[in-house]
Amino acid sequence: MLSFNALLPFTRRHFGLTLAILLLTAGLCHPARADQQRDPALGPLLKKALADGQCFEDKYDRAVWFAAMEPRLKRILGDETERTVILEQVQCEARRLQLPPQLVMAVIDVESHFNRWAISSVGAMGLMQVMPFWPEQLGMQKKQLVEIPHNIHMGCVILKYYLDREKGDYARALRRYNGSVGRRNYSDTVLVRLANHWQFK
């Protein structure tokens, strides 16, 4: 089982040329997309999550998180307002669901490269590529899937579900999230991106 702790001993030189190739080709190999998200257990979980409403931040945790992550995100996303909302929402949802927030950032990076308007070939939408059938099932409007809080809220619930299902195995959970079970390319790309860009130093 590959967990995040297993990644810690690795450094950039261990990845070498392979790492560089993965990072350079991530955008080509992984256009915005998502798993079909049709597991029957997901519907009730998403309904409950939406009913729970907004979460609230701890001011100290927010300051530490922003100091570490805002400069990194700024290199990718120029809009300060969107950066603020993304960072607040990721940190808040990750704490509520006991998810590693850095992993959520890596998933968003690979899935949509922080483009909230991203739409995949199968219609998955937004930062975390949530499938378009959810609004009808959950009584939402479709446009809400490109709204940062709703998209991250739902995407984190889905990611948490797959992590729990795979007993904390990051690689297997990521392959389920992306709909690439049996193939390592996507999960490897996310984990490399996590280790080299979003993990706290």
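Worth pointing out:
- Residue, surrounded by the most Cβ atoms within 10 Å (Cβ to Cβ), within segment 87-102, restricted to residues that are out of contact with any helix residue (DSSP H, G or I) (no Cβ under 6 Å at 6 or more places or on another chain) and outside any loop (DSSP other than H, G, I, E, B): 92
- Options 119, 152; residue that is under 18 Å from the mean Cα position of the chain (by Cα) and either among the polar types (S, T, N, Q) or crowded, with 21+ Cβ neighbours inside 10 Å (or both): 152
- Single residue of 190, 181, 146 found to be crowded, with 23+ Cβ neighbours inside 10 Å and either within 13 Å of the chain's Cα centre (by Cα) or not basic (Lys, Arg) (or both): 190
- When 136, 147, 111 are screened for being over 30 Å from residue 60 (Cα atoms) and of a type outside the set (Phe, Trp, Tyr), only 136 passes.
Since every read-out is calculated from the coordinates, none of them should be taken as a lab result. Everything numeric in this text was worked out from a predicted model, so none of it was measured. Because the Cβ atoms are built from the backbone with ideal geometry, glycine has one as well, and the counts that use them run over all protein chains shown.
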